[in-house]
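Notes follow the structure.
The values are calculated or read from the model by the stated rules, or taken from the named source; none is laboratory data. On a predicted model such as this, the values are computed, not experimentally measured, just so you know. Cβ sites come from the backbone with ideal geometry, for glycine too, and all protein chains shown count toward neighbours. Remember, those area values only see protein heavy atoms, side chains included, never the ligands or the DNA or RNA. Shrake-Rupley method; radii C 1.70, N 1.55, O 1.52, S 1.80 Å.
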Amino acid sequence: MIPSALSPTVGVGFKPEHYEGIAAAPGPLGFIEIHAENYMGEGGMPHAMLERLRPDYALSIHGVGLSIGGAGPLDQDHLQRLKILCDRYQPQSFSEHLAWSTHAGAFLNDLLPLPYTEETLSHIIRHIDEVQTVLNRQMLLENPSTYLRFDESTIPETEFLNLIAQRTGCGLLLDINNVFVSSTNHQLDPRAYLTAFPLSYVGEIHLGGHNEDTDDEGAVLLIDAHGSPTADSVWALYAETLAKTGPIATLIEWDNEVPAWPVLRAEVERANALLAPSLAQHAA
Amino acid sequence: MHQAFETRFAHNLLAAKPPTPSKRFAVYRNNVFVGLVEALRLRFPAVQNAVGADFFLALARDYAGGNPPSSPLMMQYGDQFPTFIEGFPPLADFPWLADLARLEVAITQSYHAADAAALGPHDFARIAPEDLSRLRMTLHPAMRLIVSRFPVTTLWRMNRGEAPLATIEAWSAETALIYRPHFTVAVDALSPASGTFLTSLYAGDTLADAVEQAALIDDHFDLTTQWQCLINNGLVTTLTLDD
């Protein structure tokens, strides 16, 4: 099984509109991440761009449609499409989400939440075993941002992820913005979540922006919108996490209202400024 | 429990009115509908321009509620939208909208279609004149044809801001040729005869048969112009001769 092994550099979620900017001045960028489903067409511009960038950058393939947290069996056609993509581009990492998105043949196009129980745990473990066997790769599983919690849940999310990693050998993708969003939404302390998180399994960190709203009771409700810069509070949690883990590959996610390349590049430089000292310290 | 939980959650996501209207659950409903409507808005900008943003929102929500995607490949979402538009009673007086939507479906399909090397002028120059009639061609996988009773290409150009909005004096049938030079999708208008010519070649007919089909529609059909169109636009990937 090929391990997920992204070097500790800073990457961005690749958008075609940034192709010229990246090609003209590679600068601080260490890797690019693509949403797998956008590269499942047979040919054309998406593959032409990726073929051109691939020799110069490490690659992370990030799936958003496999529905690993679903109750039903995995979509075998989709799993095969992922295999074809991974075989073609040989990414340094493949990752997916602790969420579901397909039900009864309908793809709902969102990362939906699930209760954490012995039953859902066993389903997810079976799905991840299957993914890793078919792809012949270790995958990373990402913690979700959630707006609801369920009375049915019997296992805390951090322990749920820990058990999955222990029993499948998968790694974890720690989305620190998601930690902040979920913790705020459920009136929990994000630092307590990170203290409980099994950091030794983390192979990649995600950073991104969120929006602020309020729920029916007037409590703060954060939305994982990926349409703005990473919040200062999330940067602070990132720095604290690096101090515990040492350097880890870090991605800036900005999927909506995509800014001009210099704006995104400034976010990459901000992450580099925190990652570089961690690298130096680690090397010393 | 897992299966029952998921069934209930999915049902409430797509239901016209959720039984427990909480703002937290609404975030998920909103993500689903906004995401699907946005996917349609990005794929059908000319249709949106033609019907207006408010009408399009209602149309897209109606479609999304009854037709969620059947696969995680969002690039395919909306393949059935033209058929839905065709059967949407409030749009019955605008029968050309479905063809406009078909043209936009074809644009995305062309963008993502397989790559293939196109033949150039030197490949065509090698054909002996006496062989022309028994020539068959494979056309490029990124090429699409939308045969319409309406001036579909003109409508598309106007609704994409590529031509000024104006009354279309010659309300005549057009076939839209969609192709992909240098990975960028292009759309050209063809006369019905030229459209028939390419449709015939696409189906695998010999050049002689394709010319004959086109001449049935227009006895002034000009092969020379179409020949240049095939070569200059990189539409042909293989040439074979009938035995």
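Across all C-alpha atoms in chain B, the radius of gyration and Dmax reach 22.1, 75 Å.
Note on the protein assembly as shown: along the principal axes its Cα atoms extend 80, 55, 41 Å, ordered by decreasing extent.
Annotation: chain A has a Kirkwood hydrodynamic radius of 19.2 angstrom, from the mean reciprocal C-alpha pair distance. A 1.4 Å probe run over the protein chains yields, for the range A:10-283, 37 Å² of accessible area per residue, whole-number rounding.
Which residue, B:GLU104, B:GLU130, B:GLU86, has the most motion in a Gaussian network model of chain B that connects Cα atoms within less than 10 Å? Fluctuation is largest for B:GLU130.
Percent relative contact order of the range B:26-138, based on C-alpha pairs within less than 8 angstrom and at least six residues apart? Please report the intermediate quantities before stating the final value.
Values: 53 pairs, mean separation 29.1, N = 113.
Normalised by residue count, the contact order of the range B:26-138 is 26 percent.
Counting only protein heavy atoms and using a 1.4 Å probe, what share of the accessible area of the protein assembly as shown belongs to carbon plus sulfur, as a whole percent? Can you show the working numbers first?
Details: 12180 of 22540 Å².
Carbon plus sulfur share of accessible area: 54 percent.
Please report the base-10 log of the normalised intensity I(q)/I(0) for the range B:115-243, using a Debye sum with one equal scatterer per alpha carbon and no solvent, at each q in 0.14, 0.19, 0.23 (1/Å). For the range B:115-243, the Cα-only Debye profile gives -0.64, -1.09, -1.44. Relative to the longest principal axis of the Cα atoms of chain B, helix B:207-217 runs at roughly 70 degrees.
Can you pull out the GluC sites (Glu not before Pro) in the range A:204-240 whose DSSP state is coil and whose Cβ has at most 15 other Cβ atoms within 10 Å? Display every interim value, and only then the final one.
Values: sites: A:GLU204, A:GLU212, A:GLU217, A:GLU240; in loops: A:GLU217.
Of the GluC sites (Glu not before Pro), the ones in loops of the range A:204-240 whose Cβ has at most 15 other Cβ atoms within 10 Å are A:GLU217.
Please compute how much accessible surface disappears when A pairs with B, both sides summed, using a 1.4 Å probe, and round it to the nearest 100 Å².
Working: alone 12580 and 13680 Å², together 22540 Å².
Approximately 3700 Å² gets buried when A meets B.
Peptide A:31-37 is shielded by partner chain Cβ atoms: per residue, an average of 1 of them sit within 10 Å of its Cβ. Each label was represented as a point 7 Å from its Cα along the Cα-to-Cβ direction; for A:VAL134 and B:THR7 these points are 2.5 nm apart.
Give me the one-decimal Kirkwood hydrodynamic radius in Å for the range B:1-94, with the sum taken over alpha-carbon pairs.
Details: mean 1/r = 0.0690 Å⁻¹.
After inverting the mean inverse Cα-Cα distance, the result is 14.5 Å.
Helical runs assigned H by DSSP (4 residues or longer) give the protein assembly as shown a calculated mean residue ellipticity at 222 nm of -14000 deg cm²/dmol, each run adding -39500 (n - 2.57) before division by the residue total. I'd like the Karplus ³J(HN,Hα) series for the range B:99-106: coefficients 6.51, -1.76, 1.60, θ = phi - 60°, whole numbers in Hz, and an x wherever there's a Gly or Pro. After applying 6.51 cos²θ - 1.76 cosθ + 1.60, I find 5, 4, 5, 4, 4, 6, 4, 5 Hz. Antiparallel DSSP bridges in the range A:10-283: what percent, to the nearest 5? So the antiparallel bridges in the range A:10-283 amount to around 20 percent. Calculated translational diffusion coefficient of the range A:39-184 (20 °C, 1.002 mPa s; Stokes-Einstein with Kirkwood radius over alpha-carbon pairs) equals 133 µm²/s.
If I take every Cα pair under 8 Å that is 6 or more residues apart in chain B, average their sequence separation and divide by the length, what percent do I get for the relative contact order? Could the numbers behind the result be given before it?
On the way: 310 pairs, mean separation 46.8, N = 243.
This gives 19 percent for chain B.
Tell me, what is the Rg over Rh of the range A:132-279, with Rh the Kirkwood radius over Cα pairs? Provide the component values of the computation, followed by the final result.
Details: Rg = 15.8 Å, Rh = 16.2 Å.
Result: Rg/Rh = 0.97.
Between the range B:159-190 and the range A:220-284, the alpha-carbon centres lie 44 Å apart. Ranking A:ALA23, A:LEU98, A:SER200 by Cα position along the charge dipole of the protein assembly as shown, where only Lys, Arg, Asp and Glu carry charges on their C-beta atoms, puts A:SER200 farthest toward the positive end.
For a paramagnetic label modelled on A:GLN166 (point 7 Å from Cα along Cα→Cβ), amide N atoms under 17 Å away belong, within the range A:86-122, to A:116-122. Just to be sure I understand the curve: with the Debye formula and one point per C-alpha of the range B:18-69, what is log10 I(q)/I(0) at q = 0.19 Å⁻¹? Summing over Cα pairs of the range B:18-69 leads to -0.65.
Computed from the Cβ-Cβ distance with R0 of 35 Å, the FRET efficiency linking B:ALA208 to B:ALA173 stands at 0.90. Comparing the full protein assembly with the isolated chain, the residues of the range A:87-114 losing at least 50 square angstrom of accessible surface (1.4 Å probe) are A:TRP100, A:HIS103, A:PHE107, A:LEU108, A:ASN109, A:ASP110.
Remark on the range A:115-183: hydrodynamic radius 12.7 angstrom, per the Kirkwood mean of 1/r across alpha carbon pairs.
Averaged over residues, the count of other Cβ atoms within 10 Å places the peptides B:136-148, A:119-131 in the sequence B:136-148, A:119-131, highest first. With contacts taken as Cα pairs under 8 Å and at least 6 residues apart, the range A:10-283 reaches a relative contact order of 16 percent.
Give me the angle, in degrees from 0 to 90, between the Cα long axis of helix B:192-202 and the longest principal axis of the Cα atoms of chain B, rounded to the nearest 10. Relative to chain B, helix B:192-202 is tipped by roughly 90 degrees.
Counting only heavy atoms of protein chains, what accessible area per residue, in Å², does chain B have with a probe of 1.4 Å?
Values: 11780 Å² over 243 residues.
Per residue, chain B has an accessible area of 48 Å².
Per-residue packing, averaged as other Cβ atoms within 10 Å, sorts the ranges A:147-154, A:3-10 into the order A:3-10, A:147-154, beginning with the highest.
Counting only other chains, what is the mean number of Cβ atoms within 10 angstrom of the Cβ of each residue in peptide B:60-72? Don't skip to the end; give the middle numbers.
Numbers: counts 0, 0, 0, 0, 1, 0, 0, 1, 8, 8, 4, 11, 18.
The shielding value for this peptide is 4.
Report for the range A:1-117 the percent antiparallel among DSSP-assigned beta bridges with both residues inside it, nearest 5.
Details: 3 of 14 bridges.
Bridges in the range A:1-117 that DSSP calls antiparallel: roughly 20 percent.
Amide H contacts of A:ARG137 (H built 1.01 Å from N, in plane; Pro and chain starts excluded): A:ILE2 sit under 5 Å, all sequence-distant by 5 or more or on other chains. For the peptide A:210-223, the mean number of other protein chain Cβ atoms found within 10 angstrom of a residue's Cβ is 2.
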